[in-house]
Amino acid sequence: MPSSNPFRPALAKMQPYVPGEQPQGGKFIKLNTNENPYPAPAAVTDAITAAAAAGLQRYPDPTASSFRRQAAEVLGLPGPEWILAGNGSDEILTILVRAIVGEGQRLRLPYPSYILYRTLADIQGAVWEQTAFESDWKLPAAFGEGDEDLRLAFLPNPNSPSGTVLPPEEVLSLAERLPCPLVVDEAYADFADSHCLDLVRQSDQVFVTRTLSKSYALAGLRFGFVVAQPQLIAELQKIKDSYNCDTLSIAAATAAIASTDWLADNVAKIKATRSRMQDRLTELGFNVTPSQANFVWCQHPHKSHKELYEQLKRSQILVRYMNFPQWGDGLRISVGTDDQADACLLMLSQLL
Ligand code: PMP
C-alpha cells in the first residue's frame, strides 16, 4: 500500500470475496453455493446463439424490456414497469442500498442471514444492525420497530442458511410496522410453498428481489430482478448503470423466464432430492432444519462440523461450513443431483 492510501477508510476493514468457494477446474461435487445441478433449458442456449448471430456491435437495451415484458406476463404482474432487471440479484441489492441508505444511516437484517447486506452497508458508509432469529427461526417483534434513521430492512425469504420461510401475512404485517421499506429477498422462493410477490400490490413499502441463478440454473449468467410499484422502480432506474444487463443475458433470461414447464419439472426434482437428503441426514443423527430452499442446514450434536467439512473436501465434496458466533455452527449442503447427494450422504455415513 503506498504511504498515502487513496482508498476510502471503509475499505480498510473489508475483505475480498473468498474465491475458494468457486474452484475453477478440478473434479468437485459442488454443493457449497446453492447452484442448480442441472443445465438450464435448451431454449436459453438457442436464444444466446441467436442473439450472438444477430451481432453484438450495438449497445444492449438499457431497460431489458423483452425480459421485463415476459416476466410480467409469467408472474402475473400488471406490466413491465413493475420490474427492474440487473446483473444478478446481488446488483439489485446494491442498487437498492445505493438508492435508499445514505452515509451514516442504518439498515437492518436478521441474523444469521445473507452476509452481503452487511458488506453493502459497509461500502455505503452506512451502519448495519442485526436482529437474531428466535430458536424456531421466527423473527422477534423488535425486528419491526425503529426510528426514522432506519432506512431499509432486508428479509431473505427463504432465509439462508436455515431454508426457513415466513408466510406472506407475517411479512406484510412486518412491512406495515417497519418505519422503512422492506426488501424481501426471494432468491430461493421457487423452492418454497409460498412467496410474497403479491405484497407489492398491497404495499409501496415492499420490494421483492428474484434471481435466475438458482431455480433457473443460470448462476453463470448473472441475471436478477426486483418487483415493486412502478413509481419505486422509476426511482431505481435513475441510479442503475446505463447498460447493466448485456444483450446475451437479456436474450437468455427472456427465454428462461418463459420456460415455465421446465421450471416446474426442475423444482419438483430438487424438492424430491431435498426430501431424501433431509430424511437420510436425520437417520445419520443430524438435527435438520426443514428446508424450503435448494439447500439443507444441518447440525450434528456430537461431531465437529469443521472436521466433517474438511474431510468431505478431501474427498472432493464441497459443502459450506458456517459458523455464527452466538448461534453455533453447522453445514449447509446444497441439493445436487440424486447421484451427487448420494455421494455426499455416503461419505458422511462413513465419517460419522
Ligand atoms: N440473496 C441470497 C439470499 C442469496 O443466497 C444469493 C446467492 N448467493 C443471492 C441473493 C444472490 O444471487 P445472485 O446474485 O446470483 O442473483
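Taken together, the values in this text are just the output of simple stated rules run on the coordinates, not laboratory data. Quantities reported herein were computed from a predicted structural model and do not represent experimental measurements. Cβ coordinates were reconstructed from backbone atoms using ideal geometry, including for glycine residues, and neighbour counts include every protein chain displayed.
Each of Gly220, Leu77, Ser113 was placed along the dipole of region 42-258 (beta-carbon charges, centred on the mean Cα), and the one lying farthest toward the positive end is Gly220.
The chymotrypsin sites (Phe, Trp or Tyr not before Pro) of region 23-92 that meet both conditions, a loop assignment by DSSP and at most 14 other Cβ atoms within 10 Å of the site Cβ, are Phe28. Each Lys and Arg Cβ is given +1 and each Asp and Glu Cβ -1; about its Cα centre, region 228-326 then shows a dipole of about 360 debye. Between Met277, Met14, Met322, the GNM of the chain built on Cα springs shorter than 10 angstrom shows Met14 fluctuating the most. Within the listed set Gly102, Gly86, Gly163, the Gaussian network model of the chain (springs between alpha-carbon atoms below 10 Å) gives the highest mean-square fluctuation for Gly102. Here the Gaussian network model covers the chain, with springs between Cα atoms less than 10 Å apart; of Val101, Val227, Val74, Val74 fluctuates the most. At an R0 of 30 angstrom, the distance between the Cβ atoms of Leu75 and His302 translates into a FRET efficiency of 0.10. A DSSP coil position with no more than 14 other Cβ atoms inside 10 Å describes the following chymotrypsin sites (Phe, Trp or Tyr not before Pro) in region 276-352: Trp327. When only the Cβ of Lys, Arg, Asp and Glu is charged (+1, +1, -1, -1), the dipole of region 42-258 relative to its Cα centre reaches about 580 debye.
Placing unit charges on the Cβ atoms of the charged side chains and taking the dipole of the chain about its Cα centre, the candidate lying farthest along the positive direction among Met14, Ala43, Phe67 is Met14. Simple point charges give the picture: +1 on the Cβ of Lys and Arg, -1 on the Cβ of Asp and Glu, and for region 295-350 a dipole about the Cα centre of about 220 debye. For region 94-161, the set of GluC sites (Glu not before Pro) satisfying both a DSSP loop assignment and a count of at most 13 other C-beta atoms within 10 Å is given as Glu103, Glu134, Glu145, Glu148.
Our estimate of slack between Tyr59 and Asn287, defined as 0.36 nm per intervening residue step minus the Cα-Cα distance, is 77.0 nm. Between exposed trypsin sites (Lys or Arg not before Pro) in the chain, where DSSP calls loop and at most 10 other Cβ atoms lie within 10 Å, what's the longest gap? Answer - 59-352. The simple Förster model, with R0 at 56 Å and r as the Cβ-Cβ distance, assigns Glu310 and Glu148 a FRET efficiency of 0.75.
Each helix, a run of at least 4 DSSP H residues, gives -39500 (n - 2.57); summed and divided by the residues of the chain, these come to -11000 deg cm²/dmol at 222 nm. Taking the DSSP bridge list for region 42-258 and keeping only pairs wholly inside it, about 30 percent are antiparallel. Counting 0.36 nm for each residue step from Phe28 to Asp279 and taking away their Cα separation leaves a gain of 88.0 nm. Here Ser242 and Glu21 are evaluated by their C-beta separation; at R0 = 22 Å the FRET efficiency comes out at 0.10.
Relative to the present Cα-Cα distance, how much length would full extension add between Leu346 and Lys269 at 0.36 nm per residue of separation?
Result for the pair: 25.7 nm of gain on full extension.
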